[in-house]
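Working notes for the structure below.
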């Protein structure tokens, strides 16, 4: 990123190759919309170019990038006011905490219940789950992305998982 900041814009292609998939996964898990996720990734790279002067290198590049991604997502949500959807089958696998039935019907039914439970979470809770479970970011990285302290991240993840389990295993989602 330092080379891009210095004007070597050809290095942006290398950054795109390395980081477009994690960004796409983040957006897809937050919106469940393939086309929109691709557009949002493009917007992040556009903002990287536009705001390259703000990259100081004091923190990790990935943290700075996901901070931009959050801003892009928030801007898109304000513009579209659309409901969020999730890839619940993969979410069920990643969240763990119990074994879903192997049978296709039961698995799909559980995935539907999980989808409803995820939809009922606040944006803050959903976001920390996506960053910690799908992006496999460490709590200190998430803290930098969200501009909060690490203890707050731990509390949010714990509460988000508790809230998700509560919604999943009660009649709220079934």
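Quick check on residue 12: is it in a helix (DSSP H, G or I) and touching a residue at least 40 places away in the same chain (Cβ under 8 Å)?
Working: in a helix (DSSP H, G or I): yes; touching a residue at least 40 places away in the same chain (Cβ under 8 Å): no.
Answer is no for this residue.
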### Query
Going by the conditions given, is residue 26 in a helix (DSSP H, G or I), under 18 Å from the mean Cα position of the chain (by Cα) and within 30 Å of residue 115 (Cα to Cα)?
yes
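Let's see how each residue does on (1) surrounded by 17 or more Cβ atoms within 10 Å (Cβ to Cβ); (2) at pLDDT 90 or above:
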site: 9; (1), (2): no, no
site: 17; (1), (2): no, yes
site: 23; (1), (2): yes, yes
site: 48; (1), (2): yes, yes
site: 77; (1), (2): no, no
site: 98; (1), (2): no, no
site: 104; (1), (2): no, no
#### Entry: Considering residues of region 116-128 that are buried (at least 20 other Cβ atoms within 10 Å of the Cβ) and modelled with pLDDT under 85 only, the residue farthest from the chain's Cα centre (by Cα)
117
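The values are calculated or read from the model by the stated rules, or taken from the named source; none is laboratory data. Quick caveat: nothing in here was measured; it's all calculated off a predicted structure. Don't worry about glycine lacking a Cβ; one is built from the backbone with ideal geometry, like all the others, and counts go over all protein chains shown.
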